[in-house]
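Q: Okay, handing you the structure first.
The values are calculated or read from the model by the stated rules, or taken from the named source; none is laboratory data. Keep in mind it's a predicted model, so treat the numbers as computed, not measured. Ligands, DNA and RNA are stripped out before the accessible areas are found, and what is left, the full protein with its side chains, is counted by its heavy atoms. Shrake-Rupley method; radii C 1.70, N 1.55, O 1.52, S 1.80 Å.
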Amino acid sequence: KVLKEVLGVDVAQKELVVTIGRMFDDLSIELYAHKVFKNNESGFVALLDWIKKLTSNELKVRFVMEATGIYHQKFAFYLYDHGRELTIVLPNKISNYIRTLENKTITDKSCSEAIAQFGLERNLDQWHRPKKIFHMLQQLTRERDQIVSERVNVKNQAHAEKSEVEPNERSLQRLNERIHLLNKQEKEIKADLEMIVNGDANLNTEIKRICSITGIGKLTAIIVLAETNGFELIRNKKQLTSYAGLDVKEKQSGTSVKAKPKISKKGNRHLRKAMYLPALVAVKHDKNFGEIYLRIVSKHGIKMKALVAIQRKLLEMVYVIYKSKQEYQKEYSALKESSALNLKDQHATLASS
């Protein structure tokens, strides 16, 4: 008896390399069909027709694919709109899984087979299409990030040109024109973001609430919500830090192997990047974060390690504020201690009476 059917998809720019596999009631696995389709709508239609002929109607086929830049998005949206079960896995998970197999040669076909086998062996979460507003915000914030990076490069080129013995005035003029254009485009993107946020009253309220956290500005709040789809699939703080790649990776074995603990960086780099400057501000202007920073620095002597801890703490705080619908209180620990002391006094008064 077949317990589970999975279609593993290796996504490329122009094609989808797929493998169908099934698991039987004795937990044995069979990969029994393989084919290549175009990565466009006609290819999607042909793929679904092909699957229909090869699979039974008793079980729903689970589609499993890697998050390969933007090339998987059209197919993922198509499957979701057609009511198919879909899981999107981070590439590093599949890469690590392939290393555990006996395959010596890695091709598109072998990758699709490995993805199908991975889907059969694991209990995977269902992927949900991002809300339209968060998808739009994500596109705009990522475009702005590219513009800012490009502007830094152009400014460096302009500085190098000015430092020449005989600077080329025409080159400097072109570089300054590019900087002016990039500044203009960044302003346009910020205006678009403002218009989208102001057009949604609930989102605007949520962002204002998140901005009550010291160091978190409007742009940072937008990036966090856009990159997490409003924390749609985030169930706890540990999962959030892992998704951002801020989880700690440690390797230790016996007495000979003891690597320094460090963050994995295997996650959403846009989230990590967005939390860096807010962490600096929080350490400087918030007593709670400042104390955490000083305690870690005094213990380990590494400032960056303390700063990463603050980034993680801030990201977790955004999640808590968003879920609890309450504003951040700087003096929360003092208030908590004060209420505990008052409660202790009340108990003492009752006992004496």
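Q: For a quick check: with amide H placed at 1.01 Å from N, whose amide H comes under 5 Å from ILE263's, ignoring anything fewer than 5 positions away on the same chain?
A: Amide H neighbours of ILE263: LYS249.
Q: Per residue, how much accessible area does segment 1-160 have with a 1.4 Å probe, in Å²? Show your work: numbers first, answer last.
A: On the way: 9100 Å² over 160 residues.
It amounts to 57 Å² per residue over segment 1-160.
Q: Also: Would you mind giving the three semi-axes, in whole Å and largest first, of the ellipsoid equivalent to the chain according to its Cα gyration tensor?
A: Here the semi-axes work out to 41, 33, 23 Å.
Q: Continuing with the same structure: With θ set to phi - 60°, apply the Karplus curve 6.51 cos²θ - 1.76 cosθ + 1.60 along segment 12-17 and write out the HN-Hα couplings as whole Hz, x wherever there is a Gly or Pro.
A: After applying 6.51 cos²θ - 1.76 cosθ + 1.60, I find 10, 4, 10, 8, 10, 9 Hz.
Q: Given only helices, namely DSSP H runs of n ≥ 4 each adding -39500 (n - 2.57), what is the per-residue ellipticity at 222 nm of the chain, to the nearest 500 deg cm²/dmol?
A: Working: 14 runs with 209 residues, N = 353.
The per-residue figure over the chain is -19500 deg cm²/dmol.
Q: Relative to the longest principal axis of the chain, what angle (0 to 90°, nearest 10) does the C-alpha long axis of helix 41-54 take?
A: 60 degrees
Q: To the nearest 10 degrees, how steeply does helix 169-198 sit against the main Cα axis of the chain, on a 0 to 90 scale?
A: With both axes taken from Cα atoms, the answer is about 90 degrees.
Q: Ignoring ligands, DNA and RNA, what accessible area per residue does segment 167-221 give at 1.4 Å, in Å²?
A: It amounts to 58 Å² per residue over segment 167-221.
Q: Roll a 1.4 angstrom probe over the protein heavy atoms and tell me the percent of accessible area of segment 13-105 that is carbon or sulfur.
A: 49 percent
Q: Here is a follow-up. Please compute the contact order of the chain in relative form: average sequence separation of alpha-carbon pairs under 8 Å and at least six residues apart, divided by the residue count, as a percent.
A: Across the chain, relative contact order equals 12 percent.
Q: To the nearest 10 degrees, how steep is helix 132-162 against the longest Cα principal axis of the chain, on a 0 to 90 scale?
A: For helix 132-162, the angle is close to 70 degrees.
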